[in-house]
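The values are calculated or read from the model by the stated rules, or taken from the named source; none is laboratory data. Computed from a predicted model, the values in this text were never measured in an experiment. Cβ atoms come from the backbone with ideal geometry, glycine included; neighbour counts cover every protein chain shown. Side chains are part of the model used for accessible areas, which takes the heavy atoms of the whole protein and leaves out ligands, DNA and RNA. Shrake-Rupley method; radii C 1.70, N 1.55, O 1.52, S 1.80 Å.
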Amino acid sequence: MRAAWHELGVQLAAHPLAYPVIRALGRVGPAVRVPGLGVIVNDAGLARQVLTDPKTFRTGGGGAADLWTPVFGPSMLVNMDGPEHRAMRRKLSEFFTPAYVKQLCADVLDEPVDRMAVRLRRGEPVDVVDATKVMSGAVTSALVGFTVTGSPAEREAGYRRLTHQSELITGMVKLGRLSLTPEQTARARAIADEVGAAASAAWVDGDENTAVGRMRHFGLSEVESRGLASAFLIAGTETISSLVPRLVALLHDHGVLTEVANALRAGDTGPLNAAIDETSRLVTPAPIILRNAAMPGRIGDVRVLPGDRVVVSTLNCAKAYGRFDLGRAHPPELRRLWFGAGPHFCLGYPLAMAEIHAIVGTLLAQGPLRIIRRNAARGVLFPAYQRLEVSRA
């Protein structure tokens, strides 16, 4: 019950009004039409049906494209459909092979995770939220070619600023209002332009060891590369910054941190992988996915017409399977639904897993941990902790 109350607190801090409404809609039926909002999908099987049918359900016309294109431009992957989207993913897929992301994380994270381990061994507390933001910002910077220089402390400040810029943009979106006002769009674009300037510099430099440099090699324009860099920024920092601290908190609150740590010390990563899947199900780092009906169809018993907005509530889909259970086998329709499905399944999933293993694996290797302080973040799109301090027990 303690774990459930902590998680509820995180959700309500982010969305005090929308979260209870969405959960209530989840009890109405597998799919329900809500005037002014669209067709809400609460069933994992129906959600996968929507996400794997890109001819009927597209990102434009009320979907993700309408939300993000005015801010980042038309080439952000999450706001693309059809042949252009498939071609872009093929060109970028080599950046997210298991071998590449493992090496990237080793190059970027070995130093900061070692510093985190040393602090814990000295008996000092570690704020998992801050540590995760710094490390996810470092990985994203290395991936797209952002340059952050200076002392270790100065570099950490730069990585925090990068993740903060992402938070400022996504924090403007609310579950109860799935669009930006003109004023918000202008503010978000100003932030994005600053990030885009760094991407442009990487594009001009053309270093093919970075994603942006490789984009130029593939023939992508500077504008296209800026849009993709923005997509990597939001997906690469927000998801990890939300998920990792909540994963640690859930394992701690359910009393299984030591069990997972012992397995890792024995060379068995299976329990950690199971923990990532099960805690991801409960926290649902991406609580909704937006689509728009491009042609007539049906979602369960609900008829959809062209122009209908479809709100896939991954939150309701995932929570329908019950409370935390580390031994739970996820059925095919549920499997990693919070990372998407079909042609828009998260391209950076292997990188996210490599980061989680590096950060959480290091934390658990330091011996039994206890949470000494925590508080939830307010005014964010992705429910998260503002602070989660741990120390050795």
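For the chain, count the residues as N, evaluate 2.2 N^0.38 Å, and divide the Cα radius of gyration by that value, please.
Cα-based Rg divided by the globular estimate yields 0.95.
Helix-only mean residue ellipticity at 222 nm, the chain, DSSP H runs n ≥ 4 weighted -39,500 (n - 2.57), per residue, nearest 500. What is it?
Mean residue ellipticity, 222 nm, calculated: -18000 deg cm²/dmol.
Take every Cα pair under 8 Å in the range 149-291 that's 6+ residues apart, average their separations, divide by the length, and report that relative contact order as a whole percent.
Relative contact order comes out at 17 percent.
Would you list which lysines come within 20 Å of K91, measuring only between C-alpha atoms, while excluding same-chain residues fewer than 8 positions from it?
Qualifying lysines at Cα under 20 Å: K102.
Please state the equivalent ellipsoid semi-axes for the range 217-355: what are the square roots of 5 times the Cα gyration tensor eigenvalues, largest first, in whole Å?
The equivalent ellipsoid of the range 217-355 has semi-axes of 31, 23, 12 Å.
Would you mind calculating the relative contact order of the range 13-58 from Cα pairs under 8 angstrom and at least 6 residues apart, reporting the percent as a whole number?
21
Compute the relative contact order of the chain as a whole-number percentage, counting only Cα pairs closer than 8 Å that sit 6 or more residues apart in sequence.
31
Calculated FRET efficiency, E208 and T181, Cβ-Cβ r, R0 41 Å, to nearest 0.05?
FRET efficiency, E208 to T181: 0.55.
Considering only C-alpha atoms, what is the centroid distance from the range 69-112 to the range 347-393, in Å?
Using only Cα atoms, the two centres lie 23 Å from each other.
Order 281-292, 262-273, 108-119 from most to least packed using the mean count of other Cβ atoms within 10 Å.
281-292, 108-119, 262-273
Report the Cα centroid-to-centroid distance between the range 1-58 and the range 123-146 in angstrom, as an integer.
What the calculation gives is 30 Å, centre to centre.
What is the set of long-range amide H partners of I299 at a cut-off below 5 Å, with H atoms built 1.01 Å from backbone N?
Long-range HN contacts for I299: V304.
Round to a whole number: what % of the accessible area of the chain belongs to carbon and sulfur, probe 1.4 Å?
55
Send over a whole-number figure in Å² for the accessible area per residue of the chain, probe 1.4 Å.
41
Taking only the alpha-carbon atoms of the range 150-211, what semi-axes of the equivalent ellipsoid follow from 5 times the gyration tensor eigenvalues under a square root, in whole Å, largest first?
Listed largest to smallest, the semi-axes of the range 150-211 are 27, 16, 10 Å.
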